[in-house]
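The values are calculated or read from the model by the stated rules, or taken from the named source; none is laboratory data. Predicted model, so just to flag it, every value in this text is computed and none were measured. Every residue, glycine as well, gets a Cβ built from its backbone with ideal geometry; the counts of neighbours run over all protein chains shown. We work out accessible area using only protein heavy atoms, side chains counted, and drop any ligands, DNA or RNA first. Shrake-Rupley method; radii C 1.70, N 1.55, O 1.52, S 1.80 Å.
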Amino acid sequence: MQKAVKNQWSSRWMFILAATGSAVGLGNIWKFPYITGENGGGAFVLVYLLCVALIGIPVMMAEIMLGRRGGGSPINTMRVLAKEAKRHPIWGLLGWMGMLAGIIILSYYSVIAGWTLAYIPLMASDHFHGMDAQAVADTFDAFTGNPWWLLLCHTAIIFLTLMVVAKGVCGLEKAVRFLMPALFLILLILDGYAYSRGAFSQGLDFLFASDFSKLSANSVLIAMGHAFFTLSLGMGAIMVYGAYLPKEVSITQVSITIAAADTLVALLAGIAIFPIVFANGLPADSGPGLIFTTLPLAFSHMAGGAVFGSLFFVLLLFAALTSTISLVEPAVAWLGESKGMSRKNAAILCGIFSWALGLLTVFSFNKLSDVKPLFDKTFFDIFDYLAANILLPLGGLAIAVFAAWSLDHHMRHDELNTQHDWFVCWLFVLRYITPIAIFIIFLHAIGIFA
Ligand code: PFF
């Protein structure tokens, strides 16, 4: 088949790093701890881990497989593959939905990444030195209460994203090569701090002791939605990265490696945060501000805290940027292929849309914090809900159904090129388990919005 995409990763490791860069981001370090806190801890974590294994890994394998086979942007990949499999061209809609999800996620993700940016100088100047938990929380509230600061940071993140995207695959490669290992290292340092100074066993109990009485049906659905979000699945980001993957690389191996690295980072973040939360009598369910009110507290009491603290937020910022660039990649690849746009112009166009939509998230934390247009949710909550719990699962469902039922069997076999038993097992899960589970999430989402 003719490959539409000329870009290629320079090695299997570069693909793993870039896809891990897309997966590892605010979802692991900012979102995972706060939704775990809001949903009661251990039992939620267990369901989330099950979802990563039973839904996440099979869908990731399918998404990479489709991407490599189609070799283009998700819209064109789906069109080409549907044609090859003699299916309806309507499958191209999957690519459109992914592009939309990417723009929506970027719009609020960049606002939160902007908080990370703002915390770098605060940490470096030792702003939190000697503060108690209340004072750290007040600083956070004062910052998010000021729309101009949030706007400035949001704009800076969109701008940084566009600069990397405009450079293409080699820009992505350079960005992720050192950052992932460094982030991992600093999380380990934070875990060491939590072990020596935090309420470590209480924190671990909260994270790993499964008390199912605290688990509501809604929590199960949030855990499943988060599995998609954290692995960057269901919107074509991993599909378009797969399009740049050389043929000889094992899709099974890279998928398991990426999912394992992503899960490890989330767990390391949780292990660092909850002991600090409990040692300081903070509420575990304090929502999106959780890491911004706990980690500065830890750093302010640590020897060399200003250095480690600013380094941590720098790395988190880079982790966020390696995710934001993958959010626009499906749209940028499509605008290039189908409209002949340069990467730079395509990136600017996507950036403008996300920036403008992001204003609603900026104001959700201040001027519009009382405006809750749907189900008592702010605009930020609605965008996050719509993307993580509706668009991504719907995209994942379509990917699973197309890959498991519509594609020609030989093509699947040839592209996956894995051991027979493993192939049969993957196909079974993707055909039956994954779609049923995703369907349940989706019904729930409609139920809430209907
Ligand atoms: N996986 C990213 C995170 O956990 O922060 C967020 C994300 C990136 C979601 C790219 C979806 C995506 F396509």
Keeping the other protein chains in place, figure out the carbon and sulfur percent of the accessible area of the chain, with a 1.4 Å probe.
67 percent
In square angstrom, rounded to the nearest 10, how much accessible surface does Cys153 have for a 1.4 Å probe?
10 Å²
Sort Asp285, Asp381, Asp421 from largest to smallest accessible area, using a 1.4 Å probe on the heavy atoms of the protein chains.
Asp421, Asp285, Asp381
If I ignore ligands, DNA and RNA and count only protein heavy atoms, how much of Val401 is accessible to a 1.4 Å probe, in Å² to the nearest 10?
50 Å²
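Tell me what the chain gives for mean residue ellipticity at 222 nm when only DSSP H runs of n ≥ 4 count, each as -39,500 (n - 2.57), the sum divided by the residue total, rounded to 500 deg cm²/dmol.
-23500 deg cm²/dmol
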Cα-based Lys pair tally, segment 12-445, threshold under 30 Å, eight or more apart or on separate chains
21
Give me the tail of P(r) for segment 348-436 as a percent: Cα-Cα pairs with distance above 21 Å.
54 percent
Whole-angstrom gap from segment 200-216 to segment 132-171, using each part's C-alpha centre:
32 Å
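How much FRET efficiency would the formula 1/(1 + (r/R0)^6) give for Cys425 and His129, where r is the Cβ-Cβ distance and R0 is 35 Å, rounded to 0.05? Show your work: numbers first, answer last.
Details: r = 54 Å, r/R0 = 1.54.
In this case the efficiency is close to 0.05.
Quick one: divide the alpha-carbon radius of gyration of the chain by 2.2 N^0.38 Å and tell me what you get.
0.93
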How much accessible area per residue does segment 313-450 have, in Å², with a 1.4 Å probe?
43 Å²
Longest DSSP-loop-exposure-free segment, chymotrypsin sites (Phe, Trp or Tyr not before Pro), the chain, at most 13 other Cβ within 10 Å
179-374
